[in-house]
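A short write-up of the structure that comes next.
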Amino acid sequence: MKELSLNILDIAQNSVKAKADVIRIMLEETENTLSIKIIDNGSGMKKDFLDNVTNPFTTTRTTRKVGLGIPLFMLAAQQTNGTFSITSRHEDEYINDHGTEVYALFYKDHLDFTPLGDIVSTLTVLIQGQPSIRWIFDHKTHKGCVSLDTDTLKEVLGDVPLDTFEVIVWIGEYLKEQYNEIGYY
């Protein structure tokens, strides 16, 4: 993928399919590294599926037999000499504590580093597509932090749905404003 924000979109969609109602996207950035962690409370994966999830021919899709999202994300990290891990607890074994955590570390000074890209658009698409999910976003940088929690927005908005056009536009502007305040772009 041309930008890591598209990998984040793909993995977050996996969390949606796993029926997560809380999805946390955490980015931590130094001058030399970028770590991305996506945590959900979805149904999780059974051990046999988890053991093969980085194989492109392991997928839950019924329309095609190839799933490239996780393998491409892993490859993007490893190409920078970074690391990748995925852990999961399936709801059959962990009734009250199930879900999945995907983690990748990238070295930004490596020639093969894929840029983060348009994370603001990724977040607004995710929120607009699944407004009932609690989306928690934190991006910590050496310049400052950008964050958003849709539960806080829901408290303020009351009966106004998150996927209302004006609200989605505001969310995008709010995130961009935070990035501008820390001088990220």
Name the residue, out of Asn14, Asn41, Asn52, whose mean-square fluctuation peaks in a Gaussian network model built on the chain with Cα pairs under 10 Å. Asn52
Please work out how much length the chain gains when fully extended from Val156 to Trp170, using 0.36 nm per residue of separation minus the C-alpha to C-alpha distance, in nm with one decimal. 3.7 nm
Between Asp48 and Glu93, how many nm apart are label points set 7 Å from Cα along the C-beta direction? 1.3
Hey, if you drop one equal point scatterer on each alpha-carbon of the range 88-141 and run the Debye formula without solvent, what base-10 log of I(q)/I(0) do you get at q = 0.12 Å⁻¹? -0.49
About the Cα centre of the chain, what is the dipole size in debye to 20, counting +1 per Lys and Arg Cβ and -1 per Asp and Glu Cβ, all else neutral? 640
Can you list the residues, at least 5 places off or on another chain, whose amide H is less than 5 Å from the amide H of Val22, using H built in the peptide plane? Asn41, Arg134
Can you give me the C-alpha center-to-center distance between the range 95-162 and the range 72-91, rounded to a whole angstrom? 18
Which labelled figure in (i) 57, 17, 12; (ii) 22, 19, 17; (iii) 26, 23, 14 is semi-axes √(5λ) of the Cα gyration tensor in Å, once derived from the coordinates: (iii)
The chain: calculated mean residue ellipticity at 222 nm from DSSP helix runs of at least 4, using -39500 (n - 2.57): -10500 deg cm²/dmol
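Every number in this text was worked out from the coordinates using simple rules, so none of it is lab data. Owing to the predicted nature of the structure, the values given are computational and were not obtained by experimental measurement. Methodologically, a virtual Cβ is constructed for each residue, glycine included, from the backbone with ideal geometry; neighbour enumeration extends over all protein chains shown.
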